[in-house]
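Shown next, in structure tokens, is the structure this report addresses.
The values are calculated or read from the model by the stated rules, or taken from the named source; none is laboratory data. Because the structure is predicted, anything quoted here is derived from the model rather than measured. As a convention, Cβ positions derive from the backbone with ideal geometry for all residues, glycine included, and neighbour counts pool all protein chains shown.
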Amino acid sequence: MKSTVEHLSPTRVRINVEVPFDELKPNFDRAYKALAQQVRIPGFRPGKVPARVLESRIGRGPVLDEVVNEAVPAKYLEAVNSSEVRTLGTPDIEVTKIEDGAEIAFTAEVDVRPEITVPAFGELSVSVDDVEVTEDEVTEQLDSLRARFGTLAGVERPAQEGDFVSIDLSATVDGEDVEDANTSGLSYEIGSGQLIEGIDDALIGASEGDTKTFTTKLVGGEYAGKDAEVSVTLNSVKERQLPEADDEFALLASEFDTVEELVADLRERLGRVKKMQQGMEARDNVLDALLETVEVPLPEKIVESEIEARQHDALHPFDQDEARFEEWLEQQEKTREEFDAETRAEAEKAVKTQLVLDTIADSEDVSVSDDELTQRIIYQAQRFGMSPDQFVQQAQQSGQLGAMYADVRRSKALFSVVRQATVTDGAGNELDLDELFGPQESEQAEAAKAAE
């Protein structure tokens, strides 16, 4: 086989391939065998028809078609592996010559990873917010813990934010009942934002037995995007009564003997969370700084594919209904043109990030171990509420295992860059990256979580 590579642009090549017939004998053998199973010829058992007899019955054309359909993809991969180009996406293949008994020739145009020059990572410098745990944040955590042990008690007063109420709902659109919106005895926490817009304003100040009406725009169902007249009847009002924050509560809610010890533990936990957030901020800021310093020609077809995937995901909640989606955009005070522009910008950044991190991963000889990939699988399975075995099976069926491997590899490459960069806090103090991320050998866990 002979192959040559033409560079059409920094991100696209044409691979020209010529395959002599003497390399195609295995393909012809398989083609005859496959066709012989499909053709019934008197005097011969299925699959036992000699090639000469088979060709006399069906002609040479179907045999050549079978050979070409099998050989071209395989020879394309062979040509790619023998070249120095790193292909991206699906090639556009055109068979240019079939000279029976001599050779098959075809071309394949495909996007490739461009040549990228990355900066010296030690020259990158970013700053992150200080880690500060306020008393208000600690109090909020303590109140949240108290709420878990709180009790609900009926009150004889108008409803207010934070109350738990039982309500009946009904709605009409243009005078017609919306069956999906009709419900009785629904429990709801005022101010939680878990129901339709406008219901909190209607309920606050209402007393038991009151019925309030308001107009809201429905966001789902048959009438999505339409204005509905909603009636809500308040059946009962309860408030959450919290236990006192004392030593008795500390014994009930934790392993600590005193509330002071419990509060100290909450403060320490908040500090650890903020340290993790600071680490993720450092990672994101280093990535942004890296991308700003690197020029990357983007393969347009790869960008378009990323845009299509993002648009599909955006339309998924609306059952791919463009009209409903655009009505939703109007509610967000955003035009379709603005959405498309934002989607393109996000897609271009995503593709640029992948190309840069893949280049770094190659230059740094980054690899992914079985343990690291397993950690990623376990983490993702937990996120989706699946067992690791179920998640692996689904990922294999959808062809996503390779993408998961690539994501972990890119994340490891980025952490390698972050560790070489200078990261300072708001006061200009350089941060200890081992303290921020943990010892370098623990990065496989960070990479598994960060590869989003």
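Observations on the structure shown:
- Residues in region 280-319 that are modelled with pLDDT under 90 and crowded, with 18+ Cβ neighbours inside 10 Å: F318 only.
- Residues of region 79-110 that are under 19 Å from D22 (Cβ atoms) and either surrounded by 15 or more Cβ atoms within 10 Å (Cβ to Cβ) or of a type in the set (S, T, Y) (or both): A79, S82, I98, E103, I104, A105, F106.
- Of the residues contained in region 406-422, one or more are found to be outside any helix (DSSP H, G or I), farther than 29 Å from D313 by Cα and either in contact with a Leu (Cβ under 9 Å, 6 or more places away or on another chain) or in contact (Cβ under 8 Å) with a residue 40 or more places away in the chain (or both).
- Of everything in region 262-305 that is assigned to a loop (DSSP other than H, G, I, E, B) and out of contact with any strand residue (DSSP E or B) (no Cβ under 6 Å at 6 or more places or on another chain), the residue that is nearest to D434 (Cα to Cα) is V294.
- Strands (runs of 3 or more DSSP E) contained entirely in region 48-135, each with at least 2 residues that are hydrophobic (A, V, I, L, M, F, W, C) and in the same structural domain as L24 (by TED's automatic domain parsing): 87-99, 103-112
- E326 passes every criterion in (1) touching a helix residue (DSSP H, G or I) at 6+ places or on another chain (Cβ under 9 Å); (2) in contact (Cβ under 8 Å) with a residue 12 or more places away in the chain apart from (2).
- Note on region 320-341: among residues that are of a type in the set (S, T, N, Q) and farther than 22 Å from E304 by Cβ, the one that is modelled with the lowest pLDDT is Q331.
- Screening the candidates I98, I93 for the property of being in contact with a Leu (Cβ under 7 Å, 6 or more places away or on another chain) and aliphatic (A, V, I, L, M) yields one hit, I98.
- Residues that are over 24 Å from L35 (Cα atoms) and of a type in the set (A, V, I, L, M), drawn from region 45-100: L77, A79, V80, V85, L88, I93
- Taken across region 158-165, residues that are under 34 Å from the mean Cα position of the chain (by Cα) and among the charged types (D, E, K, R) do not occur at all.
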